[in-house]
Structures are given as structure tokens and as C-alpha cells.
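Trainee: Take this structure, written in C-alpha cells, and hold onto it; I'll ask about it next.
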Amino acid sequence: MVTTAESAVHKSHQQSRVLIVGNYCHDVLIQKNAVKAVSLGGAASVISNVFNGVSISCNLVSKVGEDFKYPVSYTPIVIPTLKTTVFHSYFDPGLHGNDHQDRILKRVCACDPIRPSDLPDTRFKYGMGVGVGGEILPETLERMIEICDVVFADIQALIRVFDSVDGTVKLVKLEETGFYPLLPRIGVLKASSEEAVFMDVEEVRKWCCVVVTNGKHGCKVYWKDGELGISPFLANQEDPTGAGDSFFGGFVAGLVQGLAVPDAALLGNLFGSLSVEQVGLPKFDTRLLQRVKDEVQRRKMQCLLHERSDGELEFLRPVGHEQFHTFLVAAKLITPCPSCTMEAEQTAVPHYTKQPKLLANPMYEEPIQRVE
Ligand SMILES: Nc1ncnc2c1ncn2[C@@H]1O[C@H](COP(=O)(O)OP(=O)(O)OP(=O)(O)O)[C@@H](O)[C@H]1O
Ligand SMILES: O[C@H]1[C@H](O)[C@@H](O)[C@H](O)[C@@H](O)[C@@H]1O
């Protein structure tokens, strides 16, 4: 089956104001040479999972091979001659006696890049450039800038390079990439603290807002005239994969719903913290989601008092920000810790479904695929 970009986009919600661009992928978590879990991956899938949770529709452009097995809300473009992008994540317990886990990431298979011609011929209010395997080209990001009022980019889509022999992910300096000249036309650039050292934050913040996530410490927002630390949420970390993407999903979901940047970043921290408590694509408690949606609506009504023009970001901490944090902390506390219920869902047989399948007893110690 070949799905063109146009028909894939038409099948998704017509009225959406958000365009997400980035390939779905297959994630394989490996520990001590054994496969621990397989899961649907790719920032695009994680972000759309958060959007689904808070009832935000979007258009999503993603490419996969015919081997792609997951049911997803937004139909990808299938390239019959190629395979779906695959990442192997190698985890080893942190060396420093804390809960940090070191991860080595290898892209062992790469699907087709997403080209400007793959993007829909429509205007969007918000665009998210969230590639994981080098699929977003500078010309693709430029086209996104042309068709979207505000573009949010994840630096991992811009600075990753892949070892030609085994696909190990390495990072290069942002200024050495073809994306650098586009920064003044981007709204927000998101980076983890490990990635942030690959750019000069002091320089980049002159052109666009920079959000640096920092694991259990929350995140920091930098803009031209100021910076702000945003409080974290407590979490029992099971798997850090996708925390940055869930953060980004929550952050942009907040902005789409009319929140100011500091409140939206709180929402990002909440979804980041929920994500690390589960392996693979997180499931969110429906009661928690309902509470969050209701509170966001309430905050939105409060913030409507501060009129702002389309696409303009409000950076100052709005009145009631601390109470918003307290509310979200309380909402999170009354829902059960997902990792406690996940035990019961574990299965010994690896097969692809939307949720990851944990391998209670690692079943196959297959040789790790090499990049051809
Ligand atoms: N242990 C944790 N406890 C609470 N919140 C966390 C934790 N880890 C991550 N988060 C939340 O998720 C956000 C993103 O996490 P992090 O900075 O680790 O991103 P990342 O390195 O891009 O993640 P990954 O690459 O593993 O997806 C953080 O800003 C924070 O809000
Ligand atoms: O395998 C990918 C990984 O390369 C990305 O860093 C992460 O953001 C995605 O969630 C994951 O699926």
C-alpha cells in the first residue's frame, strides 16, 4: 500500500491547526545484550499520544516501511521499498550511584527523509519539526516555516548524525548544520541539557525562544530579554525514553490552548514526568487527563484577560502560576503510579501493538542489526 502525503493528511482531522513532522519508528530497548522491550517510537508518535490525551487534533506527516506494524491515529506515508526507522537503545545503570541511566542510541535502519513536497498545501497555526533519524532536511524545515505561523523544533531533529558503520547517534554543533540560518524564523527550539551544549544558548536566544529540559529538575526557558526556571513534578523513573517528546507535546498543547509560556512549560513538565514512569508510549489515566483539561480551560479563561495577537508568545509568569503547579501536583498524586499496574500487563511474547511489550524473561538475544 502506498499512501501519498496528501491522502494521509486528508484522512486525519481536517480542522487541525497543528502540523507534526517526523517519522514513526520502532524502538528496541536493550540491556546486557538482551532485548528488554520493543515499542512504537519516534517523537511524532509520542507527541501525538499526548495530543490525543488532551483532545487536540493535528495533521501528522511521517514515513514508514511496509514492515510498520502499529495501529496509529495518524496514517503514515508507506514507502514500499524501505523499512521503518529502527533505534536500538542500550541502557546501563548510571555509574555515579544515582538514578540517571546512560543511554547509547543506534539508528540501525533509516526510512526515507520527509521532503517539502510531502507536506500538505495548507496553512497551519503551529508546526512541530520533530525528526529523530535525520529525516527532516533544512528545506523541509524551511517549508514548514512558510506554511506555519509558529514553528517549534526539537534540536534532536537538527544536530544528529549517524555512524556509517553501526548507526551510533552522535551530535554536531548546531552552527555547523544547514538549519542554523533558519533559527531567526523559528518560534521555539527545545533541547535537553545534554543537547544544549551543542549550541550557544546565549546567541540562539537572541533569535528564538530556547527551552532546555533537565530531567527531574524540570526545565528552563530562555528568551531574548529573560529566563525562567519551571518547577518539576516528582516521578518514579522506569524508562527515560520519550520524556523529552512527552514534555514537548504537553508544552505545545498548552500553548495551542492559549496558555502563557511558563504555564505551558509546567504542562510539559507534567507530561514528561508521567512519561518516565512507564516503558514505551505512556498511557495516561483518564481521570487525570480530565482534571488537567478542565484546569487548562480555567487558566485559559483567566489568561484571556491578557489579550495577545496570534502567534505571539507570552513569556512572563502569569498570576496564579504557582497555584496551577500545586493543582497539577495534586492531580498527579491522586492517580495510581502506572509502573505499579504495568507489572500485571507484562507479556513474555514479543509482538507489536500500540503499547510496548515488556519481555519479563528476555527471550531473544538476537545479534544486533547493522546499518547496511
Ligand atoms: N526523573 C524525572 N522526574 C520528573 N520529571 C522528569 C524526570 N525525567 C524527565 N522528566 C520530565 O521530562 C522532561 C524531559 O526530560 P529530559 O530532560 O530527561 O529529556 P530528554 O533527555 O530529551 O529525554 P529523552 O531523550 O530520554 O526522551 C523534563 O524537563 C522533566 O519535565
Ligand atoms: O527512538 C527515539 C529516539 O531516537 C528519540 O530520541 C526519542 O525522542 C524518541 O522518543 C524515541 O522513540
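Trainee: Would you check if Ser231 is near ligand 1 (Cβ under 10 Å from one of its atoms), under 20 Å from Val130 (Cα atoms) and out of contact with any Pro (no Cβ under 6 Å at 6 or more places or on another chain)?
Mentor: On the way: near ligand 1 (Cβ under 10 Å from one of its atoms): yes; under 20 Å from Val130 (Cα atoms): no; out of contact with any Pro (no Cβ under 6 Å at 6 or more places or on another chain): yes.
No: the conditions fail for Ser231.
For (1) of a type outside the set (Gly, Ala, Ser); (2) more than 19 Å from the chain's Cα centre (by Cα); (3) crowded, with 24+ Cβ neighbours inside 10 Å, each residue gets a yes or a no:
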| site | (1), (2), (3) |
| --- | --- |
| Val35 | yes, yes, no |
| Val38 | yes, no, no |
| Gly41 | no, no, yes |
| Ala44 | no, no, yes |
| Val54 | yes, no, no |
| Val64 | yes, no, yes |
| Ser73 | no, no, no |
| Pro80 | yes, yes, no |
| His88 | yes, no, no |
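Trainee: Condition test on Leu270, is it in a loop (DSSP other than H, G, I, E, B) and touching a Lys or Arg at 6+ places or on another chain (Cβ under 8 Å)?
Mentor: For Leu270, the condition - in a loop (DSSP other than H, G, I, E, B) and touching a Lys or Arg at 6+ places or on another chain (Cβ under 8 Å) - is not met.
Trainee: Does region 156-171 contain any residue that is farther than 29 Å from Val61 by Cβ and among the small types (Gly, Ala, Ser)?
Mentor: The answer is no; no qualifying residue exists.
Trainee: Answer yes or no as to whether Ala37 is within 22 Å of Leu274 (Cα to Cα) and in contact with a Pro (Cβ under 7 Å, 6 or more places away or on another chain).
Mentor: It is true that Ala37 is within 22 Å of Leu274 (Cα to Cα) and in contact with a Pro (Cβ under 7 Å, 6 or more places away or on another chain).
Trainee: Which residues, counting only those in region 20-37, are outside any strand (DSSP E or B) and among the charged types (D, E, K, R)?
Mentor: Within region 20-37, just Lys32 meets the criteria.
Trainee: Okay, moving on. Does Gln14 satisfy the criteria of being closer than 17 Å to Phe124 by Cβ and either touching a Cys at 6+ places or on another chain (Cβ under 8 Å) or at pLDDT below 95 (or both)?
Mentor: Here the answer is yes, as Gln14 does meet what is asked.
The values are calculated or read from the model by the stated rules, or taken from the named source; none is laboratory data. This structure is a prediction, so every number in the text was calculated from the model and none was measured. Neighbour counts are summed over all protein chains in view; Cβ atoms, including those assigned to glycine, are modelled from backbone coordinates with ideal geometry.
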